[in-house]
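One structure is given below, encoded as structure tokens.
The values are calculated or read from the model by the stated rules, or taken from the named source; none is laboratory data. Small disclaimer: the values here were computed from a predicted structure and weren't measured. We place every Cβ from the backbone using ideal geometry, glycine too, and count neighbours over all the protein chains shown. What goes into the accessible areas is simple: the full protein's heavy atoms, side chains included, and nothing from ligands, DNA or RNA. Shrake-Rupley method; radii C 1.70, N 1.55, O 1.52, S 1.80 Å.
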Amino acid sequence: MAGLVCFLLIALYVFDELTYDRFHTKADRIYRVIDEKTSAEGKESKIAAVGYKIADRAPADIPEVKTAARFTAFGRTNISDPVSANTIHELFITANPDFLLVFDFELLEGNRATALTAPRSVILTEETAKRIYGVSSVVGRSLKAETDSLPFIVTGILKNFPSNSHVSFNLIFSESSITGKRYQDFINRDWTSNSFTTYLVLDKNADVAKATQKLNQMVASNRTNDNTGKSILNLQPLPSIHFYSAGIEGDNTRTERKGNLTYIYVFSIVALFVLLIACINYMNLTTARFANRGKEIAVRKVAGAGRGNLITQFLSEAFVMAIIALILALSATWLLLPSFNAFAEKQLSLNSATDYRVWLGIFITVLIVGLFAGAYPALFQSRLKPFLLLKNKIQQSKGQLSLRKGLVVFQFALSIIMIVATVVVFLQMKYVNTANMGFNKEQLVVIDINSGAIRRGAETIKNEYAKIPGVKSVSATSRVPGEWKVITKVKAKQQGSLAASDDMYLFTADDQFLKTFEIGLLKGRNFSAANLGDSSAILINETAASMLGIKEPSEQMVEIPSTNYNGNVDNLNEPFRARVVGITNDFNFRSLREKIAPILIAYQQNPVDRIDYYTVRLTTDNAKQTLAQMENILHKIDPNHLFEYNFLDKQWDIFYRDDKKRETIFLAIAVMTILIACLGLFGLATYAAEQRIREIGIRKVLGASVSGIVTMLSKDFIKLVLMASVLAIPVSWWMMNSWLSDFAYRTKIYWWVFVIAGALALFVALFTVGLKALKAAIANPVKSLRTE
């Protein structure tokens, strides 16, 4: 049963991953347009967003393209019900009318063909409708967005998105709602931006290569030569997006989760292995206990039972056991699924609504398990002669024993690998939680700025926050270390230099930034609130200083001609000329998987970026009361402001969420493989004891001690575990060294990790075999000898 439960959970997870985005009827014909760029400096990038005009013109100009979907995000804004004033803060996403004709997301209410056609239309998911209105049936009701003074009308309700969809959002507006002249002028000539995620539906018989060639020709004929590098468009199949999007930027909804095909292979192999070993263990235990049934089988044969009758009997027993195990496993899986879904962030189910392919797979699996588990015992036991069965003279070949021992070695090798993996992942997670990142993330609460009034009242808010007893310091910034939003990139060069630097990141901050985040100032000075000229001042970290060739800050002029936000390069009306006034120590503002990058910290009121957060360093006392006071201060300035906050250390944990899941998965697999390996050992130990029962009796009569007999029965199994350790150590080192290579900053793989894994496996093996050996050693020798 345990093997089947493990198999079912992993199989459901793998099936869900492998069917990502495949629920759309046109899935095999939908392609995402990818812009593969090569800058003038030779730097390559891939962006999953292109210009506006491509979706407009492709169906008309390219015969292979039947229709196109397009959407984009304008940033987060307050969304509310005008009647109740109930407010949420969500991305403002717009889509073209064909979006619902390309994708088959289930529309519970509304008309697919027209829901996104009229201006000021909006579609909500069930969950979002309930959050705003309290009910889901709200078609025809008004919706207010802070970005617009006029209300929108709800024209459709979508069923909540399945977990295996790379496209996911809470609400989406018709793109015809954006009528501003500046925006209209932009989209009417936009062939080159990377602002719109675009999908094309090709004809059933279309040649994808030819369609891609025509797409690039169409864009080239309409794109002006801006001398910024090369750009080639490619088509990415929809079913490939989940697993083959590494290195692709520009997810407009910022919810896309990239899959890892390697882990799918690993989990699939483990699931099959667990099931295989469970079957083999059943065979081992059946044949090991065969001596107890030998006389029964002999009597049946003497009474006239043919070999076919016996094979049918043994296979029937195996099938009955498999069906009973399946019923118990389905019950256990059904009970475990809510917790498993919460852990895996999935919506897996095992009921009448489950995909028929899952049930068909389960049915076929049970057939194979029953046949595989029962075939060997049936064929082996049915061919023995009654005379041998009655005399209990049954010996197995060395080949059969070698196969069983080899499987035990394999089982324990896998167990040791999983133990090593669990320990190494634990050590790496401990390392990332305790590493010196150049700033102190503890006791920092980050508050989103969700309205213009809250942004304009920055000085008042900071002064009021500073008066709260539970507040140590407060800073206003555009971004924070551990940022969960897109960070602006820029290219910079010292005045007089011919070449601009590689991409650097840019924050906007005030004079309290270094104090609040406890970042060290190595050279120069900090910003000064009393110095009006500091609007053109910047701080740079050590890495940026090295790239710019600045050793001592002396107000060197640095020129920033353009910004790069999520792949969109925008030239500033005039270059931002900033003065370097200080150099800070390097600090990690991204995951420890990445090396520290160069960063420019511009003072507030600069022409590049604006503040978007207040970050407050709290004391350790009464944080709940302090947060309530901060919310009250914001509401005095803007009563409708949505108070959103995050503790920064918790946000950093999100970087390693998948790694921590892997730690749990490895631990679960390690426990499961050890359990199954113990069952395998128990089967072998049972067989060994049954085969040597008379020998044990004679040894005891001649004075052998219990400990001596236990040692005699156990030593062969100790050798198997030691062999497993020899095989597992190099494999586990290679696996975990490869995993750690993803981190720019990593722990070591210590020698004692392998010692612990091997020792734990050895202890478990000795405990399992020792129990069976002890039982055989303390048995009455007279009874053992009388069995002959």
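Beta bridges from DSSP with both residues in the chain: antiparallel share about 80 percent, rounded to the nearest 5.
Computed with the Debye formula from one identical point scatterer per Cα of region 1-156, without solvent, the log10 of I(q)/I(0) at q = 0.11, 0.14 Å⁻¹ comes to -0.64, -0.92.
With the full set of protein chains in place, find how many percent of the accessible area of region 450-523 is carbon and sulfur; take the probe as 1.4 Å. Display every interim value, and only then the final one.
Working: 1440 of 2920 Å².
Answer for region 450-523 is 49 percent, counting heavy atoms of protein chains only.
Just to be sure I understand the curve: with the Debye formula and one point per C-alpha of the chain, what is log10 I(q)/I(0) at q = 0.11 Å⁻¹? Log10 of I(q)/I(0), two decimals: -1.30. Using Cα atoms only, what is the angle between the long axis of helix 751-777 and the major principal axis of the chain, expressed in degrees (0 to 90) to the nearest 10? With both axes taken from Cα atoms, the answer is about 30 degrees.
Given their separation in residues at 0.36 nm each and the Cα-Cα distance between them, residue 763 and residue 354 gain 143.0 nm when the chain is fully extended. Summary value for region 1-102: 17 percent relative contact order, contacts being C-alpha pairs under 8 angstrom separated by 6+ residues.
To the nearest ten degrees, helix 706-740 and the longest principal axis of the Cα atoms of the chain are 20 degrees apart.
Around the Cα centre of the chain, unit charges on the Cβ atoms of Lys, Arg, Asp and Glu (plus for the first two, minus for the last two) sum to a dipole of about 4160 debye. The P(r) of region 410-452 has a tail past 17 Å containing 61 percent of all C-alpha pairs.
Comparing 731, 768, 707 along the charge dipole axis of region 685-770, the residue lying farthest to the positive side is 707, per the Cβ-charge model. At full extension, residue 130 and residue 435 could sit 105.6 nm farther apart than now, given 0.36 nm per residue minus the alpha carbon distance.
Rolling a 1.4 Å sphere over the protein heavy atoms, what is the accessible area per residue of the chain, to the nearest Å²?
Details: 36490 Å² over 788 residues.
Accessible area per residue, the chain: 46 Å².
Sort 458-471, 709-722 for me by packing, meaning the mean count of neighbouring Cβ atoms within 10 Å per residue, highest on top. Write out the running numbers ahead of the final one.
Working: 458-471: 16.0, 709-722: 18.1.
Answer by packing, highest mean first, reads 709-722, 458-471.
With just the Cα atoms defining each centre, how far is region 121-199 from region 312-372? Give it in Å. Their Cα centres are 41 Å away from one another.
Rounded to the nearest 10 square angstrom, residue 191 shows an accessible area of 20 square angstrom against a 1.4 Å probe.
Per 0.36 nm of contour for each residue apart, how much would the distance between residue 442 and residue 342 grow if the chain were fully extended, relative to their Cα-Cα spacing? Numbers along the way, then the final one.
Details: separation 100, 0.36 × 100 = 36.00 nm, distance 2.66 nm.
Fully extending the segment from residue 442 to residue 342 adds 33.3 nm.
Across the chain, Cα pairs under 8 Å and at least six residues apart give a relative contact order of 15 percent.
Legend: residue pairs 144/472; 43/210; 53/210; 489/551; 53/204; 66/489, Cα-Cα distance threshold 31 Å; pairs beyond threshold, 144/472; 66/489. Share of Cα-Cα pairs in region 87-206 beyond 26 Å, in percent? That fraction is 22 percent. The alpha-carbon atoms of region 581-704 define a convex hull whose volume equals 298 cubic angstrom per residue.
Report the equivalent ellipsoid semi-axes for region 536-599 in whole Å, largest first, defined as the square roots of five times the eigenvalues of the gyration tensor built from alpha carbon atoms.
Details: eigenvalues 83, 74, 13 Å².
Equivalent-ellipsoid dimensions as semi-axes: 20, 19, 8 Å.
Over all orientations, region 458-550 has a Cα convex hull whose mean projected area works out to 7.6 square nanometres.
Against the chain, whose longest principal axis comes from its Cα atoms, helix 623-637 is set at around 30 degrees.
The Cβ shell under 14 Å around residue 420 holds other residues with a net charge of +1, Lys and Arg each +1, Asp and Glu each -1. Using a cutoff of 8 angstrom between alpha carbon atoms and counting only pairs six or more residues apart, the relative contact order for region 129-218 works out to 13 percent. Once you've got the Cα coordinates, tell me which of 405/772; 26/230; 130/346 are over 25 Å apart. With Cα atoms farther than 25 Å apart: 26/230.
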